[in-house]
Amino acid sequence: MVSTVAEQGEDEQDSSDRPAGDGGAGRTTASSAGTAPQVDRLNWRVRLRRDKSLILMTLPAVGLLLVFNYLPMVGTITAFQYYDPLDGIRNSQWAGLANFRQLFGDPLFWHAMENTLYISAVQLVLFFPIPILLALLLNSVLNSRIRSVVQAITFLPHFYSWVLVVTLFQQMIGGAGLLNQFLRQHNAGTWDFMTNPHTFSLLVTSQVVWKDAGWGIIVFLAALSAIDQNLYEAAASDGAGRWRRLWHITLPGMRSVIVLMLVLRLGNALSVGFEQLLIQRFAVGHDAADVLDTFSFYYGIGTQNYSYGAAAGIFKSVISLLLIWGANKLAHRFGEDGLYRK
Amino acid sequence: MTTLTAPPVRGRSRPRNPHRPVWEEPPTAAGQTAKGLTLGTVVLLIIVPVYCVVLTSVSTPGAINRAGGLVLVPDGITFDPYTTMLSGGPVRRALVVTLAITVVGTAISMVVSVLCAYGLSRSRSLGHRFLLMLLVLTMFVSGGLIPTFLVVSELGGYGKYWSLILPSAVSVFNILVLRSFYSSTAAELIDAARMDGASEWRILWSVVLPTSRAVTAVITLFYAVGYWNTFFNVMLYMPADSQKWPLQYVLYEYVNLGMNMPGQVNSGFGVSGHSQTAPLSLQMAVVVLTLLPIMLVFPFMQKHFAKGMLTGAIKG
């Protein structure tokens, strides 16, 4: 979704470069019509004078991004240092690739990697289809009131914080939660889902479903509403039943959005709920809950071995970029735009 | 076919749903039941936990004892946990801190984002392609957790409130949504204003902002919810400073991890004379407190929201 907007941005530029729509530019062109028919050919100094307040407006945001997003990119060089807080980034000793060598020989790191991929795979299989199915179901409900109420209710948990979601889960299915309270009262034994490392990936996935399925529903419903209703009527009068229509009209109509969401999911395969896992690491133990992000947090900041954590971070970023690139290639192969065009 | 298109009968015993397209098959009873059950379950799964927590937070200790924990059926109502919680102590302080962070942070984020979005919304302006690239790039590449932490720390942000606000003050996604609105709405109005000699600042304030109230409201809510939910930055920059914790972190420490609330669960109750209040109701009251603003604001915004999101995400 993120990328759709970004792409649109590019789209708009391309299309809106033709019709002027810019009064200031129009005026300048008019005054120097003979010499510079194309606005883009204008002297940059003229354009700077014309656009200086526009540029000024972007500066606060650009400044914040430079400090808090671009400066840390430079700061990744700490991964090649023995960073010491007392010396700062500039004076710390160089380590070369020592941190990476240590990282790749660290069984805890590979365990975190394994957990990450495992949880990611479980989420892909169990979470990804649910918003699509629910959106299809909701779309088939004719009563618009029911539809919007259900949509609103499922959308709401998207705005809960992870602490809140985990707390609610804890109160429902945790050791002292509602479910076990019920089981105890009926002498049925107890079952604490919150601290069981074996079912942890399922727990994490069900939390993601609970929190974010409603968000996904909105995206897929939008795709559904863009499908031409006449197609359905034509298909029905040609004798296509509801399953055939689903297969031949609805799913192809949702295809690009599904592929886009899939590309995003694959690109983020190494980010599996940082906050969510951090909060539950204490309850379920690091063996089940450590993923790449929490690894980098605990062994980077927790033990103040900053360079080591930064190295783990770089490793994750590089693999993530490769994943985005690969997922996009895949999308192009299927004839879709994916995240960016060919 | 003509019998099928008979005028829809309003009322209880209508033969077919007027909203159903003529060409569509009549629904099967099994299908309708399955559909209803699925949607009903989904809605219950989302509502029941919140209902339970809210009810427990206003239940008397007796009711909680009889239920053996969370309360499902109203059995005795008291607002003691709320008066205890709000009469002083860590939760009230956290509430004040969180409100301040939310208000200040949202204000900063909105000013910065609206300005930037408008500044980038005029196509052909000098450098807007470059600046846009600069923004979009941060969505795909980041320095990562540790370097960000080190930069904020080296700038002196450790333990300071600004470290909860400034590092995440700019959301490029939000700026792009705003920008796509600004560049598509009211081009004639903007041109007219410019002809009349209005400055860009003036145009933004008197033309663009009044015509895009819905999207402004949606983005404001986005930011406000983000600040209200501030958690991880607290864990990064002020994990030991319990005086400065916002609500989410208090929820984490005192409810999620079940730590003792200093001066509230142990000694505070004796002081305020509510020593028999069950801590569970107090814990649930903290949960409700973090939940409440989102619940209150959501119905009002829901309508704008779906609209704003749809146009932002998939061009409508």
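The values are calculated or read from the model by the stated rules, or taken from the named source; none is laboratory data. What you are looking at is a predicted structure, and each value in this text was computed from that prediction instead of being measured. In this analysis, Cβ positions are derived from the backbone assuming ideal geometry, glycine residues included, and neighbour counts consider all displayed protein chains. To get the accessible areas, we keep the full protein, side chains included, count just its heavy atoms, and leave off ligands, DNA and RNA. Shrake-Rupley method; radii C 1.70, N 1.55, O 1.52, S 1.80 Å.
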Under the rule of at least 5 residues apart or a separate chain, name every residue whose amide H is placed under 5 Å from the amide H of residue B:59.
B:78
Kirkwood Rh in Å, taken over all unlike Cα pairs in chain A:
24.6
So, relative contact order of chain A in percent, Cα under 8 Å, 6 or more apart, is 22
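When the dipole is taken about the Cα centre of chain A, and only Lys, Arg (+1) and Asp, Glu (-1) are charged at their Cβ, what size is it in debye, to the nearest 20? Don't skip to the answer; put the middle values down first.
Numbers: 25 positive and 24 negative charges, 127 e Å.
Here chain A has a charge dipole of around 600 debye.
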For chain A, the longest stretch holding no chymotrypsin sites (Phe, Trp or Tyr not before Pro) located in a DSSP loop with at most 14 other Cβ atoms within 10 Å is which?
A:1-190
Under 5 Å between amide H atoms, partner at least 5 residues away or on a different chain: which partners does residue B:158 have, H built in plane at 1.01 Å?
none
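Residues of the protein assembly as shown: accessible area per residue at 1.4 Å, in Å²?
Numbers: 30530 Å² over 658 residues.
Accessible area per residue: 46 Å².
Hull surface divided by four, with the convex hull built on the Cα atoms of the protein assembly as shown: how many nm²? Show your work: numbers first, answer last.
Values: hull surface 146.2 nm².
Averaged projected area of the protein assembly as shown's Cα convex hull equals 36.6 nm².
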Given H placed on each backbone N at 1.01 Å, which residues far from residue A:82 in sequence or on other chains put an amide H within less than 5 Å of it?
A:93, A:94, A:95
Could you give the dipole magnitude of the range B:171-231 about its Cα centre, charging the beta-carbon of Lys and Arg +1 and that of Asp and Glu -1, in debye to the nearest 20?
180
Modelled label-to-label distance, residue B:296 and residue B:240, 7 Å Cα→beta-carbon offset: nm?
3.6
At residue A:149 and residue B:24, where each label point lies 7 Å from the Cα along Cα→Cβ, what is the point-to-point distance in nanometres?
1.9
Going residue by residue through the range B:143-160, the Karplus relation 6.51 cos²θ - 1.76 cosθ + 1.60 with θ = phi - 60° gives ³J(HN,Hα) values, rounded to whole Hz and with x marking Gly or Pro, of x, x, 5, 5, x, 4, 4, 5, 4, 4, 5, 5, 7, x, x, 5, x, 9
How much mean residue ellipticity at 222 nm does the protein assembly as shown get from its helices, if each DSSP H run of length 4 or more adds -39500 (n - 2.57) and you divide by all residues, to the nearest 500 deg cm²/dmol?
-20000 deg cm²/dmol
Once A and B are treated as a pair rather than alone, how much accessible area drops out, both sides summed, in Å² to 100, probe 1.4 Å?
10000
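Leaving out ligands, DNA and RNA, and with a 1.4 Å probe, what % of the accessible surface on the protein assembly as shown is carbon or sulfur?
Details: 19720 of 30530 Å².
Summing carbon and sulfur atoms, their accessible area is 65 percent of the total for the protein assembly as shown.
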Which one, A:278, A:198, A:302, projects farthest toward the positive side of the charge dipole computed for the range A:182-312 from Cβ point charges (K/R +1, D/E -1)?
A:198
Which of the residues in the range B:108-125 show a loss of at least 30 Å² in accessible area from their chain by itself to the complete set of protein chains, at a probe of 1.4 Å?
B:112, B:115, B:116, B:119, B:122, B:123, B:124, B:125
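Among A:52/A:211; A:52/B:244; A:52/B:160; A:52/A:316; A:211/B:35, which pairs are too far apart, with a Cα-Cα distance over 32 Å? Provide the component values of the computation, followed by the final result.
Values: A:52/A:211 44 Å; A:52/B:244 41 Å; A:52/B:160 34 Å; A:52/A:316 39 Å; A:211/B:35 21 Å.
Those over the limit are A:52/A:211; A:52/B:244; A:52/B:160; A:52/A:316.
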With the cut-off at 17 Å, report for the range B:31-78 the share of all Cα pairs above it, as a whole percent.
45
